[in-house]
1. Given 20 Å bins starting at zero, what is the percent of C-alpha pairs of the chain in each, up to the one with the largest pair distance?
2. Going highest first, how would you order 462-468, 159-165 by mean Cβ packing within 10 Å?
3. Report the calculated FRET efficiency for D49 and R303 (r = Cβ-Cβ distance, R0 = 25 Å), to the nearest 0.05.
4. Nearest-5 percent of antiparallel DSSP beta bridges in the chain?
5. Starting from the 7 Å offset along Cα-to-Cβ, what nm value, one decimal, do you get for the label separation of K472 and T82?
6. For E128 and E102, what does the FRET efficiency come to when R0 = 25 Å and r is the distance between their Cβ atoms, rounded to the nearest 0.05?
7. If a paramagnetic tag sat 7 Å from the Cα of R532 along the Cα-Cβ line, which residues of segment 440-475 would have the backbone N under 11 Å from that point?
8. What FRET efficiency comes out for A59 versus N487 if R0 is 56 angstrom and r is the Cβ-Cβ distance? Round to the nearest 0.05.
Amino acid sequence: MGTTAGPSGGSPYVAVDAGSVFTKAYVLDDVDGERRLVAVGRAPSDGDDGHPARDQAVARAVAQALAIGGYSGDARTDVAVTLRTHVPRVVVAAAREDAAREAAEQIERLPVRVVERVALAGGAGGAERLLGALEELTPDALIIVAAADGRGAEGKATLGALEALRFSGLAPFVVLVGQIPEGAALLDGVRHAVAPAADGAAVAAALAPLVEASSLDGVRVGTEIVAERYDVDVLTLDLGASHAVAVLASGTTGRRRVVAVARDDLGLRRGRPEILAKAGVEALLRWLPIDVDGEALRSDARRGLIAPAALPETPEELLLEHAFAREALRLLLADLPKGVAGGAAGLPPVDLVIGSGGPLAGAPRLSQAAMILLDAVQPEALTQLALDRATALPLLGHLGASAGHANVGAALERDGLLNLGLCIAPIGSGREGETAVRVEVAFATRSPVTVEVPFGAIEVVPLGIGERASLKLWPSRDFDVGLGRGNAATPRAEVEGGAVGIIIDARGRPLALPDAREKRQAKLLQWLQATRAYPQLSFVQPEE
């Protein structure tokens, strides 16, 4: 296939991300000597008959992206990169349960889902348990860890499982970890790789064929690029139609820990029944300032399965979608390893929270995406919020892994991520209505503004994109903005404005909602309208 001249006079570079509901095409081109993201196209992944139609979806998405980018209508362009949105499902087997658990921890940085751990020794039927798990779960990969006593009972159990696997016809992609006598020979004819050592790097390298083409691994790499580029702790939450992924990159260069959690059952379209089942009706209702019964929630969940590409058509439907989004992200964050726990939502403090995926990027108002992130993560002290508005983080992460960070840095910073603003969230608890924090915003080109935000409230101070200001923070004696209770703070660097502004979240950590339905709905309405997240008065119930 040929290429065509783009707006910059060069040849466009087209990439495709084949999602389960939408297929997206991205056009990158040279602009002033830099590779920039110039257009994004999107088409349903299913055909008119409801069955997957990948080739047609790719053609439609590419054609739309080229048209948006201003390229000629008869252009034929090479698709240089094709990603797929898929959570690789992995079974881990080892002689002992503790060895299987340790092996699962070795791949914590990869966006894969460990669906089962199988102990092969310690009782009869280890091979049968493994084959039963493979038949029931149909994973994408199986990791088998060498037994410590290669010639003893544990070693024999491992070899017995390999031999049974060979003739079962159930073998997925297999990764042999460590030295297993005769292991490779027993898997003759089975697609497999060998990790010579039981460490994360070796196992990750062996799993590379499974994850490298995944857009979710691009999310992981993109998060690492941002963390390295700015030397900050970053949490990315990627919520799609059929998946949910969290990536946490914390620490300093050379000592940065990256943890990824991937779920293929918490997507905001196909995963709604599971979200409802896991979270429960009451957890979802607590985010709604309107009356909705359990049957309406179940009906909405079924609709997500039947018509996954359908978009909310009313404010009520949008509220339901955003309630499901909050609970999906909450359930996802609960899966992060206990070793990273801390903070109101079980997370360590982070400098930057990035929201990604169609449901967040497609929110009609940017303040809606910001509120979903705040309610799910509950960040403390000072935290920057950003949105992957073009849902291009997976692609740019993939390009960064293959071409080097510098080549895609400009596109990632300028085209991929939209700065939503800074969140100031004082830590502590107080009486409703009493001042939690006083904030002075000294603008560069206009008079300063001082606001006092009471406990239980949230307010937004407009500070537009590109605008800069300095801050002074005076928390009340029972609150902390990062320097101890009651201690004032003045950030050393100026704050840069975002699409939403400076969000002062004094609702408390952990976030608590009133138990009484009427009070809870009134409080939610107050918060949502204070942030201008939804149309004014759109939730007022008609009088009977």
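Quick note: the coordinates plus some simple rules give every number you see, no bench work behind them. Everything numeric here is computed off the predicted structure, so don't read it as measured data. Cβ atoms come from the backbone with ideal geometry, glycine included; neighbour counts cover every protein chain shown.
1. Going from the shortest bin to the longest, the percentages are 20, 50, 27, 3.
2. 159-165, 462-468
3. Computed FRET efficiency for D49 and R303 comes out at 0.80.
4. 60
5. Computed distance between label sites K472 and T82 equals 6.0 nm.
6. Efficiency computed from Cβ-Cβ geometry: 0.60.
7. The answer is 460-464, whose backbone nitrogens lie closer than 11 Å to the label point.
8. That pair, A59 with N487, gives E of 0.40.
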